[in-house]
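Enquirer: What follows is a structure written as structure tokens; I'll ask about it next.
Read the figures in this text as sums done on the coordinates, not as results from a lab. Please read all numbers here as calculations on a predicted model, not as lab measurements. Virtual Cβ from ideal backbone geometry, glycine too; neighbours counted across all protein chains shown.
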Amino acid sequence: MVRGVYIHIPFCHQICNYCDFNKFYFHNQPVDEYIESLGKEMALWKDDLSKGHIETIFLGGGTPTSLSLEQLDRLLTLIQEHIPLDHVKEFSSEANPDELTLEKMQLMRKFGVNRLSMGVQTFNQDLLKILGRTHSNEHVYKVIEYAKETNFPSISIDLMYGLPNQTMEQWKESLQEAFKLKIPHISAYSLLVEPKTIFYNLLSKGKLSLPGEDLEAEMYGFLMDEMKANGYHQYEISNFSHEGKASEHNLLYWNNDEYVGLGAGAHGYVNGIRYSNHGPLKKYMQQLDLGEKPIMMQKEVTYEEKMEEEMFLGLRKNRGVSLTVFEQKYSKTLHEVYGKEIEELIHKELVALEEDHIFLTTRGRFVGNEVFQYFLK
């Protein structure tokens, strides 16, 4: 049963140097036509959306806030027309600090958006330039003021560490600035240099200086300690929140629940099938003009793959994987399927088993990907 909806807005006014998501420069793009195509795609998913129990909606990108006020109004109107909102607990939108106006935030609140996920990345101006970001710290502070004016229930910011030339002192300063905002949720990710990005090209030419593994591990350790000291609960490898303010949409992914993915290049998981849409705008919109879902690839997830996903997604959460839920879903105990692997990981002190849950130890969080490999056949 579908529990969430992801909607991809692939437009940006500036392409960041580290980003490998499906995105396009806003200028001269068919933005209005794309929004109408999203409405057509929503209509084609009507049966699954109406039979589901939609609890979360997430506008991602690209940058949803790159849309004009009128375009944003049209998008939110289409969502209201096509997606059942009766049970929605969390309606999130990604946002760039320099694109959020008071009017856009008022419009979002009018349509029920109740959570903003803001791409801050760092409070160091030199590092922002290296990343290709266009906002300043003042933009961030202004959005926080707007949030108070519009009574936005929840705000999250994204931070990054392991950045080119980043020092431990700069990382500490960014965290201290983040804590001053007194917001309920902070996500913090280490930089991954992905193919087809500006950073990847620079790295391949020997022109990108990155912190070593030891410094990056030190940054992550400091992050966990400081979050705890400042009243944030770590509920996933990279996510920290005040009580009751965890991201419901991201938990949907980590709980291995089903969701509809809409938009160019979006991914979804419906009726046991994982699929991805065409990325190029022209191909995406052509399929919808023909009355067809713009699906490029789909794959039925096998029974074994579902169990694998349950483990490597679930272990990202601090609570880990429930033994009871695993048995209810797959009619086998966790130890029947992964007894040997679990025994070895416990011996290495990378996972722990307490009552009904298996979860990463603090040590295990530093090498999460290594742990996940144990559950991939």
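Enquirer: DSSP beta bridges in the chain, what fraction antiparallel, as a percent rounded to 5?
Expert: About 40 percent, rounded to the nearest 5.
Enquirer: To continue, here is another question. In whole Hz and in residue order, list the ³J(HN,Hα) couplings for the range 242-250 that follow from phi through the Karplus curve 6.51 cos²θ - 1.76 cosθ + 1.60, θ = phi - 60°; x for Gly and Pro.
Expert: Per-residue couplings from phi come out as 6, 4, x, 10, 5, 6, 5, 5, 5 Hz.
Enquirer: Which order do the peptides 307-319, 284-296 come out in when sorted by mean C-beta neighbours inside 10 angstrom, highest first?
Expert: 307-319, 284-296
Enquirer: Would you kindly derive the ³J(HN,Hα) couplings of the range 366-371 from the backbone phi angles with the Karplus curve 6.51 cos²θ - 1.76 cosθ + 1.60 (θ = phi - 60°), listing them in order in whole Hz, with x for Gly and Pro?
Expert: So the Karplus estimates, Gly and Pro as x, are 6, 10, x, 4, 5, 5 Hz.
Enquirer: How big is Rg to Rh over the range 2-253, alpha-carbon atoms, Rh as the Kirkwood inverse-mean-distance radius?
Expert: Ratio of gyration radius to Kirkwood radius for the range 2-253: 0.96.
Enquirer: If you don't mind, another one. Ratio of alpha-carbon Rg to the 2.2 N^0.38 Å globular estimate for the range 251-377, to two decimals, please.
Expert: Taking the Cα Rg and dividing by 2.2 N^0.38 Å, one obtains 1.27.
Enquirer: Here's a follow-up. What is the packing order of peptides 88-100, 55-67, taking the mean over residues of other C-beta atoms within 10 Å and listing the highest first?
Expert: 55-67, 88-100
Enquirer: Additional query: Might you report the magnitude of the Cβ-based charge dipole of the range 254-377 about its Cα centre, with Lys and Arg at +1 and Asp and Glu at -1, to the nearest 20 debye?
Expert: With only Lys, Arg, Asp and Glu charged at Cβ, the dipole is about 540 debye.
Enquirer: Could you derive backbone 3J(HN,Hα) for the range 109-118 from the dihedral phi with the Karplus parameters 6.51, -1.76 and 1.60 (θ = phi - 60°), listing whole Hz in sequence and x where the residue is Gly or Pro?
Expert: Residue by residue, the range 109-118 yields 5, 4, 8, x, 5, 10, 8, 10, 10, 9 Hz.
Enquirer: Considering every Cα-Cα pair within the range 129-199, what fraction, in whole percent, is farther apart than 20 Å?
Expert: Everything past 20 Å amounts to 38 percent.
Enquirer: Here's something else I'd like to know. Around residue 189, which amide H atoms from residues at least 5 apart in sequence, or from another chain, sit under 5 Å from its own amide H, with H modelled in the peptide plane?
Expert: 159, 160, 161
Enquirer: Classify the range 169-281 as rounded, prolate or oblate, taking a ≥ b ≥ c as the square roots of the eigenvalues of its Cα gyration tensor: rounded when a/c is under 1.5, otherwise prolate if a/b is larger than b/c and oblate if not.
Expert: Oblate is the answer for the range 169-281, as a/c is 1.5 or above yet b/c matches or exceeds a/b.
Enquirer: Normalised by the number of residues in the range 2-253, what is the relative contact order in percent for Cα pairs under 8 Å and 6+ residues apart?
Expert: In percent, rounded to a whole number, it is 19.
Enquirer: Under 12 Å from the Cβ of residue 65, count the other residues' Cβ atoms, weight Lys and Arg +1, Asp and Glu -1, and hand me the total.
Expert: Neighbourhood net charge equals -3.
Enquirer: Using a 10 Å cut-off around each Cβ, can you sort 269, 200 from fewest to most neighbouring Cβ atoms?
Expert: With the sparsest Cβ surroundings first, the list reads 200, 269.
Enquirer: Using a ≥ b ≥ c from the Cα gyration tensor of the range 303-375 (square roots of the eigenvalues), is it rounded, prolate or oblate, where a/c under 1.5 gives rounded and otherwise the larger of a/b and b/c decides, a/b for prolate?
Expert: prolate
Enquirer: Ok, one more. Which number do you get for Rg(Cα) / (2.2 N^0.38 Å) in the range 233-286?
Expert: That works out to 1.48 for the range 233-286.
Enquirer: Lys and Arg at +1, Asp and Glu at -1: add these up for the other residues within a Cβ distance under 14 Å of residue 174 and post the number.
Expert: That sum, taken over residues with Cβ under 14 Å, equals -3.
Enquirer: Using Cα pairs under 8 angstrom and six or more residues apart, how large is the relative contact order of the range 303-375, in percent?
Expert: This gives 34 percent for the range 303-375.
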